[in-house]
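Each value in this text was obtained by applying a stated rule to the coordinates, not by laboratory testing. Just so it is clear, the model here is predicted, and its values are computed rather than measured. Note that we place each Cβ from the backbone using ideal geometry, even for glycine, and neighbour counts take in every protein chain shown.
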There are 2 protein chains.
Amino acid sequence: MKIKEFQDYLKEKNIDLALFFNNERIKDTSFSYFTQIPPSANVNAVLIIPNSKAPYLLVSILELNIAKKISKVKEIRKLNSLKEIKGKTIGLNYNSITLNRLKSIKKEIKTKFVDVSEKVSELRAIKTEEEIILLKKSCEISSLIMRKAINFCSSSKTEIEVKEFIENEIKKLNLEPSFTPIVASGKNSANPHHISENKKLKGFTIIDLGVKCKNYCSDTTRTIYIGRPSKKEIKDYNKVLKIQEESIRSKEVKASKLYLKAKKVLGKNFIHSLGHGIGIEIHERPDLNEISKEKLTNNMVYTIEPGIYDKYGIRIEDIVLNKKILTNIDKELMIKR
Amino acid sequence: MKIKEFQDYLKEKNIDLALFFNNERIKDTSFSYFTQIPPSANVNAVLIIPNSKAPYLLVSILELNIAKKISKVKEIRKLNSLKEIKGKTIGLNYNSITLNRLKSIKKEIKTKFVDVSEKVSELRAIKTEEEIILLKKSCEISSLIMRKAINFCSSSKTEIEVKEFIENEIKKLNLEPSFTPIVASGKNSANPHHISENKKLKGFTIIDLGVKCKNYCSDTTRTIYIGRPSKKEIKDYNKVLKIQEESIRSKEVKASKLYLKAKKVLGKNFIHSLGHGIGIEIHERPDLNEISKEKLTNNMVYTIEPGIYDKYGIRIEDIVLNKKILTNIDKELMIKR
């Protein structure tokens, strides 16, 4: 993905080449972005992107065969040492290089290092056509599973049962979840990152799930009601729904301003960001929060997920591309017994 | 675990306090070591260990409830900013702090930072009694599942079927694997980190699996034979087995020398280390390879896993504590049809 654009940047900045290190401890998702080797493959390798020649991979002998099978970067050699890598100025992804890693790199390569993380995350924020196809597919599958999960819910089911139902549906498709599904009911729904319990569903029930489709994540949330909602509960739900839909359609391009509009409506019980970019990582640029400097532009793919958390929680989350929703699940309050 | 010992070190080195950062991108297993919050919980938090007072946690509001439920460090507050943290000299784990993370920490805390990674990994290499109980339990479960998996194997089963059998057995016990199980048969066994294929078992078949038991990993490998092994194959198997058993019992304390003894016997087809420490991480100190500076001492827990890889692969791996094997699975060549 966008190797050419990245090389243009390296040339412009007089950076001879850039290195992306991936290992089981520190997985560099930008390594995965350029090579399409999934983080879960646990490949120990270095991706070298020179500013004009073809990129290549140095891979640990233990994963050489796997890398040859799955990498999009096709020139692959055995990783022995970094000493063969030469350049007056070398770019590194400072988002994923630890202090001790830099120390050990410097022992092998005596040169000047510069940070290229800003540029890579900027390139990744605007999706290519190929990525958009994968993200649409990923959203389609998540929507299907969400509809099934909602159908499965009832007052006789527990949080854990619904969570496991979702995990099994994902497994049946031979896919991986992009995170552990969240099923949070009643009081537990007030806890945005609740871990499911052996507790029967009652009242507002938040279901938050996503799958990975060829490395590309999806992420969607619905809140349904088990039992009879009070007028206040219905009003709260519709308040979240209204600002969610307005945020999606809004012509506001500044991410921070879009967040602040939602914050103004939802008040102190809105305790997280309005959304986040999504791609190879479940959370990537652009951030939609108060301190964000991002502008929302064409071909960015991000979530819009306002929520309120007090005695109960309500969150509604869709994935958005060019002001259109990629996830496809009903949004009126679904009431079940 | 060993917070007191770590605080003694901080005092001795005139370090006022140490910080351990954990977030979904960079998971610091030393954060998990001290708090016992599993890496999979995706908790965004900072652990503060002052050199004499009680340690405490600052946790993102989104995971505050989870942290309160599962953390062994009981003083927990909401994470707002790092500005409240004061100290003339502050320790950081340079194994898991990225260059950009350090930059952002330095914006909030203006002080001197030093690396404490060496000390933490050294403390973690010698297991406490509590850790040994968990590691023994983890090894016991892995052994049970390995015996079942071997029983399940036959010439009519595929690599993927055996891999999924193992994953299901782990799931039935409500546990997580410590890595994706490896099932590699025939030619594929020559690839140490093979990803299972839809291919029937034939010839040497390597099974490598592990589970996590309350955060503590196990890791064991057996090689069985499907069909009729040749004399050369039986000889090769017994060569690996002999050096495995000798390495376990050896009185050699230098890890590098122990590796070199095995290398001398197995030759160029032995392409990885002789073993690795194991605990909260699947690979931690001590390393048993050529460049290791480790001494093997009492209460270290590590794998011994010699192997050869040519037209086929053979690997036998057990977990060892004080020269005794914690995993419990037969080792004579098991031949199945």
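Miscellaneous remarks
- The smallest convex shape that holds all Cα atoms of segment B:143-253, its convex hull, gives 118 Å³ per residue.
- Averaged over the residues of peptide A:187-199, the number of Cβ atoms from other protein chains lying within 10 Å of each residue's Cβ is 3.
- With a Förster radius of 41 Å applied to the C-beta separation of B:Glu24 and B:Asn328, the computed FRET efficiency comes to 0.65.
- Packing rank of A:309-318, B:128-137, A:255-264, where each peptide gets the mean count of other beta carbons within 10 Å, highest leading: A:309-318, A:255-264, B:128-137
- Two-decimal ratio, segment A:194-257, of alpha-carbon radius of gyration to 2.2 N^0.38 Å: 1.47
- Listed residue pairs exceeding 21 Å between alpha carbons, taken from A:Lys27/A:Lys78; B:Lys11/B:Lys254; B:Lys68/B:Lys106: B:Lys11/B:Lys254; B:Lys68/B:Lys106
- Cut-off 11 Å (backbone N to label point 7 Å along Cα→Cβ of B:Ile248), residues of segment B:273-306: B:304-305
- Trypsin sites (Lys or Arg not before Pro) restricted to DSSP loop in segment A:1-82 with at most 15 other C-beta within 10 Å: A:Lys13, A:Lys53, A:Lys72, A:Lys74
- Shape class for segment B:12-128: rounded, because the ratio a/c of the largest to smallest gyration tensor axis (alpha-carbon atoms, square roots of eigenvalues) is under 1.5.
- Other residues whose C-beta falls under 9 angstrom from the C-beta of B:Asn93 contribute a net charge of -2, scoring Lys and Arg +1 and Asp and Glu -1.
- Inter-chain neighbour count for B:98-104: the average number of beta-carbon atoms from partner chains within 10 Å of each residue's beta-carbon is 6.
- Neighbour-count order for B:Met1, B:Met146, B:Met334, fewest beta carbons within 10 angstrom listed first: B:Met334, B:Met1, B:Met146
- Distances from B:Thr158 to itself in the other copies, using label points 7 Å out along the Cα-Cβ axis, amount to 3.5 nm in increasing order.
- Proximal lysines to A:Lys257, defined as alpha-carbon separation beneath 20 angstrom and excluding residues fewer than eight positions away on the same chain: A:Lys239, A:Lys242, A:Lys268, A:Lys293, A:Lys295, A:Lys323, A:Lys324
- Within straight-line reach of B:Lys199, meaning a Cα separation under 13 Å, sit the following aspartates and glutamates at least 8 residues removed in sequence or on another chain: B:Glu159, B:Glu161.
- Between B:Ile291 and B:Ser154, residue separation times 0.36 nm minus the direct Cα-Cα distance comes to 45.3 nm.
- Label-point separation, A:Arg337 to A:Lys69 (7 Å along Cα→Cβ), nm: 5.2
- Label spacing, shortest first and in nm, from A:Ser250 to its equivalents in the remaining copies (7 angstrom along Cα→Cβ): 6.4
- Helix-only [θ]222 nm of chain B, DSSP H runs n ≥ 4, -39500 (n - 2.57) each, per residue, nearest 500: -10500 deg cm²/dmol
- For A:Ala54, the distances from its label point to the matching points in the remaining copies are 6.2 nm, ordered from shortest, with each point set 7 Å beyond Cα toward Cβ.
- Anisotropy class of segment B:129-336 from Cα gyration tensor, a/c 1.5 cut: oblate
- Cα pair distances exceeding 31 angstrom across the protein assembly as shown, given as percent: 57
- Shielding by other protein chains, A:71-78, mean Cβ within 10 Å: 0
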